[in-house]
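The block underneath contains the structure these notes are about, expressed in C-alpha cells.
Where a number appears in this text, it was derived from the coordinates with a stated rule and is not lab data. All of these numbers come straight from a predicted model, not from anything done at the bench. Positions of Cβ are generated from backbone atoms using ideal geometry, with glycine treated the same way; all protein chains shown enter the neighbour counts.
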Amino acid sequence: MKLTHYLPLVVLGLGTLSACNKGDHPTASDPGKSSMTTGVEYNTEKGMSVANFKRPPEGPGLVFIEGGRTVLGSQEEDVTMTHDNIERTVTIASFYMDEAEVANIHWLEYLHFIKQDSTEEAYKAALPDTMVWARDLSFNDPYVTYYLRYPGFRYFPVVGVNWLQANDYCTWRTAKVNENLATKGSSDKGSKKTKKSKKGDAPADGAAEGGAGVAGALGDGKSSTSLENGNSLPNYRLPTEAEWEYAAQALIGTQEIGNENQEEKRIYPWDGRTTRNPYGKKMGQFLANFKRGRGDYAGIAGSLNDGAMITEYVYAYPPNDYGLYNMAGNVNEWVQDVYRPLSYQDVEDLNPYRRNGVLDPASGYDKSPVGGKGGYQSLIDDNVRVYKGGSWRDVAYWLSPGTRRFLAQDSATATIGFRCAMINAGSNK
C-alpha cells in the first residue's frame with residue numbers, strides 16, 4: 001500500500017489537533033462544551049452532567065490564611081521538660097479560620113436551633129457545662145448562672161464546651177450556613193423574576209423558584225446542592241494542630257516580598273520578646289489576656305492593664321497579621337489532633353495531622369491504676385485531644401503557639417473554647 005493512501009488520515013488528524021488547540025484552556029469555572037479527552041459533549045443525553053461553577057462565597061466569620069512553608073515547634077524554653085514539640089519544617093496548605101473565638105451568642109443560637117429542630121436529648125447534650133466556673137475555694141458562683149446567658153457576656157468566648165461538643169457544633173454550622181445560602185439564593189432569584197415581571201415578562205413561578213437552593217446565590221442554575229455542583233460551602237471543622245500553630249505564628253507579617261528565606265521568628269503571635277505593646281499611645285499595654293503572675297490577673301484598680309479578670313470580648317486586643325483575634329490568651333482552643341508526645345517526628349511534613357490508631361498505639365501507655373506498672377500512670381490514650389494558645393488563667397509561657405497540652409475529649413473547663421476552620425477548596429492560593 002502506498003504512503004499516499006494515509007495522507008488524508010494524517011491531514012484529518014492534524015486538523016482535529018489544530019481545532020483542539022484553538023482558544024483558551026478549559027478551567028474549573030469554564031470547562032467548555034465538550035470533553036477535551038473524548039470529544040463527547042457535556043450535559044447531553046449521552047454526555048456527563050457538568051454544572052456551571054462559580055467559587056462559593058467565603059463562609060461567615062472566616063479569614064483566609066495563606067499557606068506555605070514554616071518551622072513549627074516551641075519557640076520558648078521548654079520549662080515543662082516535655083520535649084513534645086521539637087522544631088521541624090513543614091508546609092501547610094491555605095485554609096480559612098474564624099477571625100475570633102466562637103462566642104456565647106453563637107452557642108445560644110446553636111441551642112436555639114437544636115431545640116427547634118432536634119430532640120430534647122440532643123439539646124441537653126449540646127448544653128455547655130456551666131459548672132466549670134464553680135470552685136470550692138473561690139466565689140465564682142455568679143458566672144455559673146450569668147456567663148452563658150446574660151447579654152453583657154454575649155461576645156465573650158463560650159467555655160464549658162468539650163471537644164465532642166465543639167465537633168458537633170462544626171457539623172451543625174456547616175448545615176445551617178449552607179441552608180441559609182440556599183434560602184438566600186432562591187429569594188434573590190425570585191426577586192429578580194418579580195422585577196422582570198413588572199416589565200411585561202411572565203410572572204415567576206414561586207413553586208419552581210423555591211427549590212433553587214444555593215444555585216441561585218452562585219448562579220448555578222441547578223435545583224439542588226451537591227458536592228459535584230460545587231454550590232455549597234465545604235465543612236466547618238476544628239483546625240488541625242499544625243494549622244492552628246501556623247495561623248497563630250502569622251509570620252506572613254515578617255516576610256519581605258520576593259524573599260524565599262524566613263529570616264525572623266516569633267515567640268508570640270506578635271513581634272518582639274515581650275507581652276507588652278512596644279509602640280505608640282498604647283505602649284506598655286499587654287497584648288493578650290493572661291495571668292501576669294501569682295494572684296495577678298489584671299493589674300491594679302485605676303491602672304488596669306490587660307483589664308480582664310476572667311475571659312474578655314472576643315475582639316479585644318490587636319489581631320495578628322492574618323487578622324485573627326486572641327490567638328494567644330483569653331481561652332485555650334481545641335484542635336483536631338489526638339495527643340501524642342512524639343507527633344512532631346511521626347506525622348508527615350505536608351499538612352501534618354495526628355489521628356487515632358496510627359503508630360504509637362494507646363495500648364503502649366501504662367493506664368493501670370494505683371501508680372501503674374512502673375510507678376507511673378499515663379493520661380494518654382485515643383480520647384485525649386490537644387488544646388493550644390493559653391488562657392486568662394495561664395501564665396505567659398502558654399501564650400507561645402508552639403506550646404501544647406491535652407485533655408480528655410469529653411472534658412470541659414472554664415479556660416478552653418474553640419474556633420472553626422475550613423479547607424480552601426480547589427485552589428492553592
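Between Tyr376 and Asp346, residue separation times 0.36 nm minus the direct Cα-Cα distance comes to 8.4 nm.
Could you derive backbone 3J(HN,Hα) for the stretch 396-403 from the dihedral phi with the Karplus parameters 6.51, -1.76 and 1.60 (θ = phi - 60°), listing whole Hz in sequence and x where the residue is Gly or Pro? Calculated HN-Hα couplings, in order: 4, 3, 7, 6, 6, x, x, 6 Hz. Annotation: extensible slack from Arg355 through Glu87 equals 94.5 nm (criterion: 0.36 nm per residue apart, minus Cα-Cα distance). When Glu41, Glu256 are sorted by how many other C-beta atoms sit within 10 angstrom of their C-beta, beginning with the fewest, the order is Glu256, Glu41. If you plug the beta carbon distance of Lys265 and Thr145 into 1/(1 + (r/R0)^6) with R0 = 51 Å, you get a FRET efficiency near 0.70.
At most 13 other Cβ atoms within 10 Å and a DSSP loop assignment: could you name the chymotrypsin sites (Phe, Trp or Tyr not before Pro) in the stretch 358-429 that fit? The qualifying sites are Tyr376.
Please arrange Val161, Val347, Val63 by how many other C-beta atoms lie within 10 Å of their C-beta, fewest to most.
On the way: Val161 25, Val347 22, Val63 17.
By the 10 Å Cβ count, ascending, the order reads Val63, Val347, Val161.
Mind checking the dipole of the stretch 92-178: about its Cα centre, +1 per Lys or Arg Cβ, -1 per Asp or Glu Cβ, Debye to the nearest 20? All intermediate terms of the calculation are to be shown ahead of the outcome.
On the way: 7 positive and 11 negative charges, 30 e Å.
I would put it at about 140 debye.
Of interest is the spacing of the C-alpha centroids, which for the stretch 345-409 and the stretch 279-329 amounts to 28 Å. Each residue, Tyr279 and Ile423, gets one label point 7 Å from its Cα in the Cβ direction; the gap between the two is 3.7 nm. Listed by Cβ neighbour count within 10 Å, with the fewest neighbours leading, Leu227, Leu238, Leu111 appear as Leu227, Leu111, Leu238. Between rounded, prolate and oblate, where does the stretch 316-429 land on the alpha carbon gyration tensor, with a ≥ b ≥ c its root eigenvalues, rounded for a/c under 1.5, else prolate if a/b exceeds b/c? Note, shape of the stretch 316-429 comes out oblate. Over the stretch 239-375, the alpha carbon radius of gyration divided by the compact-protein estimate 2.2 N^0.38 Å works out to 1.36. For the residue pairs Lys124/Lys176; Lys46/Lys184; Lys54/Lys388; Lys281/Lys429, the C-alpha atoms sit more than 27 angstrom apart in Lys46/Lys184; Lys54/Lys388; Lys281/Lys429.
Placing pseudo-labels 7 Å out from each Cα toward the beta carbon at Asp78 and Ser29 gives an inter-label distance of 4.8 nm. By definition, a body whose alpha carbon gyration tensor gives a ≥ b ≥ c is prolate when a/c is 1.5 or more and a/b is larger than b/c, and the stretch 239-320 fits this prolate description.
The amide H of Tyr236, built 1.01 Å from its N in the peptide plane, has Thr174 as neighbours under 5 Å, considering only residues 5 or more places off or on other chains.
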